[in-house]
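Just so you know, all these numbers are worked out from the coordinates, no wet-lab data involved. Since this is a predicted model, take the numbers as computed values, not measurements. Note that each Cβ is placed from the backbone with ideal geometry, even for glycine, and that neighbours are counted across all protein chains shown.
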Amino acid sequence: MSTNERDLIVGGQAVIEGVMMRTPNAYAIAVRKLDGTIVNTSATLPKWSDKYPLLKLPILRGGAVLLQSMGLGIKALNYSASEAFAEVEEAKTAAVQVALTPAVVEGEGDFAGLTGGVPGLFPLPTKKRSKDELKKGSTAAAASSMVWP
């Protein structure tokens, strides 16, 4: 066994229909979709202590790594859920759209006069989720959810 193989530090976490693997400098997530295909993403993982030298102190370093690991875990779970169940969400949206269309056209429902008179006044959400959800700034939200109960 070579020195590089022996010194490789890899950890991981199970996510919905997949796995997230992490090294000290990078991570990768692989998720199986409903059709059986596997999608993956990977990125570098910068150390917070490189940006903020104060986080190199022993107690602060451990807390920072813990927060970064938990934030990455939450992001990985969100990514895996959006990838694994993307088709399910699209099917539900299509089913809701088909189920609501006759009611809107006929003017039935809670807002019978309003929706029947003006079709399309309350549009159905059709916006698809971003494929690159990991790059959004949800680290602060994840960290605040861990700190504030």
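Given the conditions (1) within 24 Å of GLU90 (Cα to Cα); (2) assigned to a strand (DSSP E or B); (3) not β-branched (Val, Ile, Thr), which single one is not true for ALA76?
Looking at each condition in turn, ALA76 falls short on (2).
So TRP48 clears everything in (1) within 24 Å of TYR79 (Cβ to Cβ); (2) without any contact (Cβ under 8 Å) to a residue 12 or more places away in the chain; (3) more than 21 Å from the chain's Cα centre (by Cα) except one condition, right? Which one?
Unmet condition: (2).
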